Amino acid sequence: MNEFMEKQLAAAAALRQIRIVPVLALESVADGVRICEIFSRHGLSGAEITFRTQAAPEIIAEVSRQFPQLLVGAGTVLNVRDLHRAFEAGAKFAVAPGFNPTVVREAVRCGFAFSPGICTPSEVEQAVELGCRLLKFFPAEAAGGTAMLKAIAAPYRHLKLSYMPTGGVTRANAADYLAIPEVAAVGGTWLGKSADIAAGNWSAIEEAVQSAAELAKNR
């Protein structure tokens, strides 16, 4: 087993302890620190900071420093440059919405815990061929939801793959995804919405985080 696979398996094990990972597009370090304070207060111990904003690397570095107990990851990692930026900033894992073999091969070379996105059996097989054992299922609901994920997972069950469904996962359907044995965690796109952050609606964010934390503890 190479370092890449070891890191993927370790990330999957850590995600299985967290169960719900907020997926965030943040514009400032201050917002990142504030929302991670909320996560810590309510026992939600992971976060995915997406590379959809220029501030992502700086936010990952600062929240990793201030909240070492959090499993801080990077999302929307679409190229080799951002892959290195994410892990240099301190990301403990990284994911992408799609399967880019160039990025996966670089992650294998460097031993980074990077997981590509898949939504078809062909993508699963290509990812497995490169050594992946933790995969992001995206866009989860649009691609067929829990029924599709169960159908995709079934032929590869003997490989002991883990998945993180993201995209359309909500408080209402998260438990259905988490009930699937192959699911390590779900991406909580409903937590820390950009509109709420921009409006300073921190009470709504805290309420959503508290509810998600309670759900995660029971799953």
Percent of accessible area on segment 71-195 owned by carbon and sulfur, 1.4 Å probe? 56
Quick test of the membrane-span-like rule: which DSSP H helices of the chain reach at least 18 Å along their long axis (C-alpha atoms) with mean Kyte hydropathy at least 0.0? 3-18, 29-42, 202-217
How many Å² of accessible area per residue for the chain, probe 1.4 Å? 42
In whole angstrom, note down how far apart the Cα centers of segment 71-125 and segment 144-199 are. 18
Would you mind calculating the relative contact order of segment 1-151 from Cα pairs under 8 angstrom and at least 6 residues apart, reporting the percent as a whole number? 23
Pull out a ≥ b ≥ c, the square roots of the eigenvalues of the alpha-carbon gyration tensor of the chain, then state rounded if a/c is under 1.5, prolate if not and a/b is larger than b/c, and oblate in the remaining case. oblate
Within segment 68-105, find all residues whose amide N lies under 17 Å from a label point positioned 7 Å from the Cα of Glu37 along Cα-to-beta-carbon. 68-70
Tell me what the chain gives for mean residue ellipticity at 222 nm when only DSSP H runs of n ≥ 4 count, each as -39,500 (n - 2.57), the sum divided by the residue total, rounded to 500 deg cm²/dmol. -14500 deg cm²/dmol
Ranked highest first by average number of other Cβ atoms within 10 Å, how do 131-140, 75-84 line up? 131-140, 75-84
Taking Lys and Arg as +1 and Asp and Glu as -1, residues besides Ala30 with C-beta under 13 Å from its C-beta add up to -4
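The values are calculated or read from the model by the stated rules, or taken from the named source; none is laboratory data. Quantities reported herein were computed from a predicted structural model and do not represent experimental measurements. As a convention, Cβ positions derive from the backbone with ideal geometry for all residues, glycine included, and neighbour counts pool all protein chains shown. Each accessible area value is taken on the protein alone, full model and side chains, heavy atoms only, with ligands, DNA and RNA left out. Shrake-Rupley method; radii C 1.70, N 1.55, O 1.52, S 1.80 Å.
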